[in-house]
1. Given the rule -39500 (n - 2.57) for each run of at least 4 DSSP H residues, summed and divided by the residues of the chain, what is its mean residue ellipticity at 222 nm, to the nearest 500 deg cm²/dmol?
2. Roughly how many percent of the accessible protein surface of the stretch 33-289 is carbon and sulfur, given a 1.4 Å probe and a whole-percent answer?
3. Using the structure shown, list the pairs from 233/280; 30/233; 74/249; 140/209; 128/233 with a Cα-Cα distance above 31 Å, or answer none.
4. Once you put a point 7 Å from the Cα of residue 20 and another 7 Å from the Cα of residue 99, both along the Cβ direction, what distance in nm separates them?
5. Output ³J(HN,Hα) for the stretch 239-250: one whole-Hz value per residue in order, computed from phi by the Karplus curve 6.51 cos²θ - 1.76 cosθ + 1.60 with θ = phi - 60°, and x for Gly and Pro.
6. Return the aspartates and glutamates within reach of residue 32: Cα separation strictly under 14 angstrom, same-chain partners fewer than 8 residues apart disregarded; answer none if there are no such residues.
7. Measuring from label point to label point, each 7 Å out along Cα→Cβ, what is the residue 7 to residue 112 span in nm?
8. Under a 5 Å amide H to amide H cut-off, with H placed in plane at 1.01 Å, what residues pair with residue 96 once short-range neighbours are removed?
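The values are calculated or read from the model by the stated rules, or taken from the named source; none is laboratory data. As the structure is a computational prediction, the values presented were derived from the model and not from experiment. Virtual Cβ from ideal backbone geometry, glycine too; neighbours counted across all protein chains shown. Surface accessibility is based on the protein's heavy atoms, side chains included, excluding ligands, DNA and RNA. Shrake-Rupley method; radii C 1.70, N 1.55, O 1.52, S 1.80 Å.
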Amino acid sequence: MNFFLETLQVLILSLWYNIEAFFRFFIPAKRKNVAGEVVLITGAGSGIGRLMALEFAGLGTVLVLWDINQEGIKETARLAKERGAIRVHYYLCDCSDKNEVYSVADQVKREVGDVSILINNAGIVTGKKFMDAPDSLVEKTMEVNTMAHFWTYKAFLPAMLANNHGHLVSIASTAGLVGVNGLADYCASKFGAVGFAESVGLELLATGKDGVKTTIVCPYFINTGMFDGCQTKWPTLLPILEPDYVVRKIIQAILTDQVFLLMPRSMYLITALRTILPMKQGILLGQYLGAFNLMDKFKGRAIKKD
């Protein structure tokens, strides 16, 4: 195909996709049926991991819960059964340990079957300035927030590819799109998670595996205790998000095969401006939005799951 025809094709399809997106704004996308799907959630012992498990339980799924806190996942499993989950299986797993991820993944495949919806939710934050963060905590942040995604994908993606069916979900952060003062290691880990998930999604499309969907979730700070004390300068524009709201939006995104989900909606504009504004104006905008002192009153625990 020559340059003229390819360019014409891109212009026509771009117009069509914009018209489609406009109508999608007013007409909600059809939600897919996930009854009977095997859903694995890491970091399911508390926070939004637990809330997602409870929402999926009500949709008739088979739940596989991973966490390093045995009491936490036992309680999540109990609550999920009350919500109507077909079956609930829970496993202790340290997602920062590659060998443990592979070992527990093999156990899941033997005892439950192939995972068809994988939600990488486990995460940690040091809450320390870069030069104050011990090397061990920096390494742990990268291992849990980024590298664990590599190992879970390696473990469960082959079956999805074989069936051309599945869904990969990465619970990242707006800190994976915009740098934040005082969160160097956390931002680096979340930037890595976003880049990894987006690249794998493109790889799936390039190889024709369009039955395996991907969703990348980038929320602002969530009121789960992970970022206790963090402040927002303009709560109307950038509110601290409530967990129930976040989970409802995530479930909706998964059920409608939404590729990117940013919360709050103002983050779509902020990230767009970040890429087109001159550097000095971008820094000025960051100061206006309070990005330089978000972590000044951080009181969250140094290591806590999402």
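1. Estimated from H runs of four or more residues: -15500 deg cm²/dmol.
2. Numbers: 6200 of 11170 Å².
Whole-percent figure for carbon plus sulfur exposure: 56.
3. Where the Cα-Cα span goes over 31 Å, the pairs concerned are 30/233; 140/209.
4. 4.7 nm
5. x, 5, 7, 7, x, 4, 4, 4, 5, 4, 5, 5
6. Within the straight-line cut-off, residue 32 pairs with 257.
7. Taking the two extended label points, one gets 5.2 nm.
8. none
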